[in-house]
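Visitor: Sharing a structure, written as structure tokens. Questions coming.
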Amino acid sequence: MTLSLLTVKRGKKLTVKELGEQWLFHKKMSVKQSTLCNYIRLLNDHIYPYLGDKKYTALNKNDINQFVSYLMSSGRKDGTGGLSASMTRDIIKVVRAVAKYAQLEYGLKNICEGVVMPKVKKTEAKALTDKERARLERYLNGNPSLHNVCILLCLYTGLRIGELCGLQWKDIDFWRGCLTVCRTVQRISLEDGKTIVSIDCPKTETSARRVYIPAFILEMLKNFKQKQDAFILSGKEKPTEPRALQSRFKRILKNCGIAEISFHSLRHTYATMCVEKDFDIKTLSELLGHSDVKVTLNTYVHSSDKLKRKYVRRLVC
């Protein structure tokens, strides 16, 4: 597409903030509310204070690299130090998107080409050990409240915490023995600093999926079944908030004598169990709602010592 000289000239006068607001306006039509709120927060809290008033064409790759260094050393809003590599990368991704918009819309140079991104240290998500999982299952089965059955459901389906909170009774097909993930619940920050509980579509297209449920959990769920439009955890038309469920999970772990872990570790435990049971990775990836099997392999699945011993024994069989 050939841009007019007038368009290019107009673009050269714009500041980073002006371009950012234009980019944001276009993104409103294509992203979820939670994603949009995150963009607004990153722009207002980090990008505009440092770059907002600067004319875009006055900046270059070195300026953005300096911005990266600033974020890593002094980027915290409270002035107590730098941001993590992961947070810094999220901020620079937004700057890159604005730069790409400036390039396509006004023919301006992309000032982010060649910018060095900080390396994020990969942390392996924690899965429950076999003994911890057995202890947790004994507690949940021995105290079969609705919340406990739903935690057991996550352990055997790999649901994310927001997906569980967004589950309604109409999403469970007791005849086919499966559930459909079609919404997620999360607390998001608004532009004015306030937060709200948001009910939205799943994380990605592949996150909207059908997941099969073990028969024994289906039987337990039948004891609590309510009207179709009620959210399963709350029993009402308003969902339970994820952080409330995380707090309940924390108390359960304490009762079981298990060290504190995040609710998301249930998902990792599920993935690990599936690998140990020789699920093929493609099937597991679809059950977890991943867009690519690489995500499953790199994020959730690691070889346990038990699995390594199992494979080594095969060498001498």
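Visitor: Where the only charges are on Cβ atoms (+1 Lys, Arg; -1 Asp, Glu), what is the dipole of the chain about its Cα centre, to the nearest 20 debye?
Guide: 440 debye
Visitor: Choose one of Ile188, Met72, Ile172: the residue whose Cα lies farthest towards the positive end of the charge dipole of the chain (beta-carbon charges +1 Lys, Arg; -1 Asp, Glu; about the Cα centre).
Guide: Farthest along the dipole direction, towards plus: Met72.
Visitor: Would you work out which of Tyr106, Gly142, Val120 lies farthest towards the positive end of the dipole of the range 102-154? Charges go on Cβ: Lys and Arg +1, Asp and Glu -1.
Guide: So the residue furthest toward the plus end is Gly142.
Visitor: Also, I was wondering about something else. In whole Å, largest first, what are the principal axis extents of the Cα atoms in the range 60-108?
Guide: Projected onto the principal axes, the Cα atoms of the range 60-108 cover 39, 18, 16 Å.
Visitor: Expressed as a fraction of 2.2 N^0.38 Å, the rule-of-thumb size for a compact globular protein of N residues, what is the C-alpha radius of gyration of the range 1-53?
Guide: The value comes to 1.32.
Visitor: Taking only Cα atoms, what is the 0 to 90° angle, nearest 10, from helix 16-27's long axis to the longest principal axis of the chain?
Guide: Value to nearest ten degrees: 40.
Visitor: Take the chain, connect every pair of alpha-carbon atoms lying under 10 Å apart with a spring to form a Gaussian network, then pick out the residue of Phe216, Phe224, Phe67 with the largest mean-square fluctuation.
Guide: In the Gaussian network model the winner is Phe216.
Visitor: In straight Cα distance, which aspartates and glutamates are under 12 Å from Lys238, not counting same-chain residues fewer than 8 positions off?
Guide: Straight-distance partners of Lys238: Asp229.
Visitor: Charges only on Cβ, +1 for Lys and Arg, -1 for Asp and Glu: so what's the dipole of the range 129-215 about the Cα centre, in debye to the nearest 20?
Guide: That gives a dipole near 220 debye.
Visitor: D for the chain, whole µm²/s, Stokes-Einstein with Kirkwood Rh over alpha-carbon pairs at 10 °C and 1.306 mPa s: what number?
Guide: The estimated diffusion coefficient comes to 70 µm²/s.
Visitor: Follow-up. In the chain, once you exclude exposed GluC sites (Glu not before Pro) (DSSP loop, at most 11 other Cβ within 10 angstrom), what's the longest stretch remaining?
Guide: 1-123
Visitor: Where Rh is the Kirkwood radius over the Cα pairs of the range 28-123, the temperature 25 °C and the viscosity 0.890 mPa s, what D in µm²/s does Stokes-Einstein return?
Guide: This corresponds to a translational diffusion coefficient of 174 µm²/s.
Visitor: I'd like the trypsin sites (Lys or Arg not before Pro) in the range 118-211 restricted to DSSP loop residues with at most 16 other Cβ atoms within 10 Å, sorted by number.
Guide: Those that pass, being in a loop and sparsely packed, are Lys119, Lys121, Lys122, Lys126, Arg176, Lys194.
Visitor: What does the helix-only formula give at 222 nm for the chain: each DSSP H stretch with n ≥ 4 adding -39500 (n - 2.57), the total divided by the residues, and the result rounded to the nearest 500 deg cm²/dmol?
Guide: It lands at -14500 deg cm²/dmol.
Visitor: For helix 130-142, what angle does its Cα long axis make with the longest principal axis of the chain, in degrees from 0 to 90 and rounded to 10?
Guide: Helix 130-142 sits at roughly 70 degrees to that axis.
Visitor: For the range 178-317, what value does the Rg/Rh ratio take when both radii are computed over Cα atoms and Rh is the Kirkwood radius, given to two decimals?
Guide: 1.02
Visitor: Moving on to the next point. Using only Cα atoms, tell me the angle between helix 33-42 and the longest principal axis of the chain; keep it within 0 to 90° and round to the nearest 10.
Guide: 50 degrees
Visitor: Additional query: Of Lys61/Lys121; Lys9/Lys61; Lys225/Lys294; Lys250/Lys277; Lys32/Lys308, which sit over 31 Å apart, Cα to Cα?
Guide: From Lys61/Lys121; Lys9/Lys61; Lys225/Lys294; Lys250/Lys277; Lys32/Lys308, over 31 Å: Lys225/Lys294; Lys32/Lys308.
The numbers here are math on the coordinates, done by the rules we state, and not lab data. Quick caveat: nothing in here was measured; it's all calculated off a predicted structure. We place every Cβ from the backbone using ideal geometry, glycine too, and count neighbours over all the protein chains shown.
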